[in-house]
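Notes for the one structure printed next.
The values are calculated or read from the model by the stated rules, or taken from the named source; none is laboratory data. From a predicted model like this one, the values you see are computed outputs, not experimental measurements. In this analysis, Cβ positions are derived from the backbone assuming ideal geometry, glycine residues included, and neighbour counts consider all displayed protein chains.
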Amino acid sequence: MTTRTSHEYHHLHGLLQQLDDAEKTLAHGPRRIAVTEKKTVAAEQACTDQKEQIQLLKKTVDQSSLNLKSREAEVTKLTLRLNEASSNKEYDIIQAQMAAARAADAELEDQILSLLSQVDEANEELQQRMDEVSDLKQKTASITAETRSIEPGLKSDIERLTAEITDADAVIPTGESRTTYRRLRDAMGPAAMALVEGGFCTACNTGATSQDIVRMNMSEFLLCRACGRILYLIREE
């Protein structure tokens with residue numbers, strides 16, 4: 001048979017579980033907010049880094065464009081010198097210099113085109129990062145609103161459950177048993193207690209002896225010999 005004390009233990013265990021759930025839910029909201037805020041800061045820093053990278057690329061493009069203009073001016077000078085060449089040898093030398101200059105110009109033009117392509121890609125990536133920041137801010141706002149909406153109810157539940165537990169844990173005997181209960185509850189929360197079903201502790205699956213069953217039926221305070229939890233029995237096997 002099931003004793004009144006066993007029912008009271010079961011009721012206390014249920015209240016402890018409800019309190020633990022409410023406290024975890026209450027703490028979960030701020031943690032979610034902190035996580036999204038941290039991600040937002042990281043995403044914003046990534047945007048800043050990306051903007052700096054774009055500026056560096058643009059500076060390189062500008063410098064390369066200046067270099068190209070300078071080289072084109074050099075080709076123009078060589079063209080004038082070519083028209084003024086006084087011998088075939090001088091003419092051939094200037095032509096070779098012009099060919100080398102034009103080849104270098106073509107290579108520089110290719111580099112500039114590649115840099116411009118990189119700028120475009122970097123701008124696209126920046127937009128993606130900015131969109132990510134916007135999404136994270138919206139998510140943070142949503143989580144914050146949700147958290148604030150449920151906080152009053154959770155705090156009310158915690159206050160009510162705490163009061164009910166204060167009444168319910170009067171079932172724990174005074175003295176060393178109550179000291180043990182408070183120590184286990186502080187360390188393990190609702191896991192400080194465990195129901196015995198089918199003759200086994202439901203927390204660690206250790207079998208209860210026939211003497212353990214008798215002691216629980218006599219409403220004695222009993223700990224699991226394996227996991228140390230407070231045992232109670234609802235249905236005698």
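Answer yes or no: is there a residue in segment 215-237 that is farther than 30 Å from A43 by Cα and touching a Gly at 6+ places or on another chain (Cβ under 6 Å). I'd like the intermediate steps shown before the answer.
So the first thing to find is which residues in segment 215-237 are farther than 30 Å from A43 by Cα, and the list is 215-237.
In the following step, the residues that additionally are touching a Gly at 6+ places or on another chain (Cβ under 6 Å) were identified as 237.
Within segment 215-237 (the criterion being farther than 30 Å from A43 by Cα and touching a Gly at 6+ places or on another chain (Cβ under 6 Å)), the answer is yes, since at least one residue qualifies.
The residue list E121, E72 contains one member that is assigned to a helix (DSSP H, G or I), over 34 Å from the mean Cα position of the chain (by Cα) and either of a type in the set (A, V, I, L, M, F, W, C) or modelled with pLDDT of 85 or more (or both), which is E72.
I'd like the full set of residues that are surrounded by 14 or more Cβ atoms within 10 Å (Cβ to Cβ), in contact (Cβ under 8 Å) with a residue 24 or more places away in the chain and not hydrophobic (A, V, I, L, M, F, W, C), limited to segment 219-237.
S219, G228, R229, Y232, E236
Results for (1) among the hydrophobic types (A, V, I, L, M, F, W, C); (2) at negative phi, shown as yes or no for each residue.
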site: G189; (1), (2): no, no
site: V196; (1), (2): yes, yes
site: F200; (1), (2): yes, yes
site: S210; (1), (2): no, yes
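For first residues located in segment 54-73 and under 29 Å from Q127 (Cβ atoms), partners that are among the small types (G, A, S) and lie 6+ apart or on another chain with Cβ distances below 9 Å form the pairs I54/A122; L57/A122.
Where residues in segment 1-28 are touching a Lys or Arg at 6+ places or on another chain (Cβ under 8 Å) and surrounded by 16 or more Cβ atoms within 10 Å (Cβ to Cβ), which of them is farthest from Y181 (Cα to Cα)? Break it down into steps so the answer makes sense when it comes.
Quick first cut of segment 1-28, residues touching a Lys or Arg at 6+ places or on another chain (Cβ under 8 Å) only: 2, 16, 26.
Subset that is surrounded by 16 or more Cβ atoms within 10 Å (Cβ to Cβ): 16, 26.
On the way: L16: 12, L26: 25 Å.
Of everything passing the filter in segment 1-28, L26 is farthest from Y181 (Cα to Cα).
Restricting attention to segment 122-152, the residues being under 15 Å from A27 (Cα atoms) and surrounded by 12 or more Cβ atoms within 10 Å (Cβ to Cβ) number 6. Each residue in segment 207-218 was checked for being in a loop (DSSP other than H, G, I, E, B) and either touching an Asp or Glu at 6+ places or on another chain (Cβ under 7 Å) or crowded, with 17+ Cβ neighbours inside 10 Å (or both), and 1 pass. Scanning segment 80-93 turns up one or more residues that are in contact (Cβ under 8 Å) with a residue 12 or more places away in the chain, over 30 Å from A187 (Cα atoms) and in a helix (DSSP H, G or I). Going by what's in this entry, would M1 be described as modelled with pLDDT under 95, in contact with a helix residue (DSSP H, G or I) (Cβ under 8 Å, 6 or more places away or on another chain) and within 30 Å of G199 (Cα to Cα)? So M1 passes the test. Do we have D20 as at pLDDT 95 or above, acidic (D, E), in a helix (DSSP H, G or I) and closer than 30 Å to N217 by Cβ here? Judged against the criteria, D20 is a match. Within segment 180-198, does at least one residue satisfy the condition of being without any contact (Cβ under 8 Å) to a residue 60 or more places away in the chain, of a type in the set (S, T, N, Q), more than 30 Å from K51 (Cβ to Cβ) and not in a helix (DSSP H, G or I)? The answer is no, given that none of the residues of segment 180-198 is without any contact (Cβ under 8 Å) to a residue 60 or more places away in the chain, of a type in the set (S, T, N, Q), more than 30 Å from K51 (Cβ to Cβ) and not in a helix (DSSP H, G or I).
Selection within segment 168-179: residues that are hydroxyl-bearing (S, T, Y) and free of Cβ contacts under 8 Å to residues at least 24 places away in the same chain. The member of this set that is surrounded by the most Cβ atoms within 10 Å (Cβ to Cβ) is T179.
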